[in-house]
Amino acid sequence: MDKLLISIAGLLSIGGIYWFFFGKREESGQSQTTWNVTVDGGYIPASITIPNNRKSSVTFTRKDANSCLEEVIIADFKIKTFLPLNTPITVTLSPTKPGTYDMHCGMNMFHGKVIVI
Ligand SMILES: [Cu+2]
């Protein structure tokens, strides 16, 4: 009987651990301070969510030879960065106000969003 109770307790705590990590991961899917954005025919993902009043880093990797995408601009964060082909470039965002901010290529043709929550 004791053994049975112990294994039930064991199963419950394993379940709890799963729930804890799974729940946490879902939550951090809402906003995270580190993002990798692939630049290939646009921005993938096209929308990133970061927390307000914290530093977040976004690493862009351009895989598209189209010169249209060689520059990324996030005007509200004064970011205007050249993206060499296949070279990860990291920019730091320090938002102080929640909102949705535009990121776009040098010619304002491809668009993405930075959402601050
Ligand atoms: Cu462009």
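The values are calculated or read from the model by the stated rules, or taken from the named source; none is laboratory data. Remember, predicted model here, so these are calculated numbers, not experimental data. Backbone-built Cβ (ideal geometry, glycine too); neighbour counts: all protein chains shown. Protein only, heavy atoms only, side chains kept; ligands, DNA and RNA dropped before computing areas. Shrake-Rupley method; radii C 1.70, N 1.55, O 1.52, S 1.80 Å.
Screening Lys78 with (1) in contact (Cβ under 8 Å) with a residue 12 or more places away in the chain; (2) open to solvent by 40 Å² or more (accessible area, probe 1.4 Å) gives one miss only, at (1). Figure legend. Inter-residue proximity from the range 97-117: first residues closer than 21 Å to Ser57 by Cβ, second residues open to solvent by 80 Å² or more (accessible area, probe 1.4 Å) and of a type in the set (Gly, Ala, Ser), beta-carbon distance below 6 Å, spacing 6+ or different chains. No pairs are indicated.
Step by step: first the residues of the range 99-117, then only those that are open to solvent by 80 Å² or more (accessible area, probe 1.4 Å) and away from the ligand (no atom under 11 Å from the Cβ), then the one that is nearest to Gln30 (Cα to Cα). Which residue is that?
Filtering first and then ranking leaves Ile117.
Restricted to the range 47-69, and to residues that are open to solvent by 50 Å² or more (accessible area, probe 1.4 Å) and within 16 Å of the ligand (Cβ to nearest atom), which residue is nearest to the chain's Cα centre (by Cα)? Top of the filtered list is Lys63.
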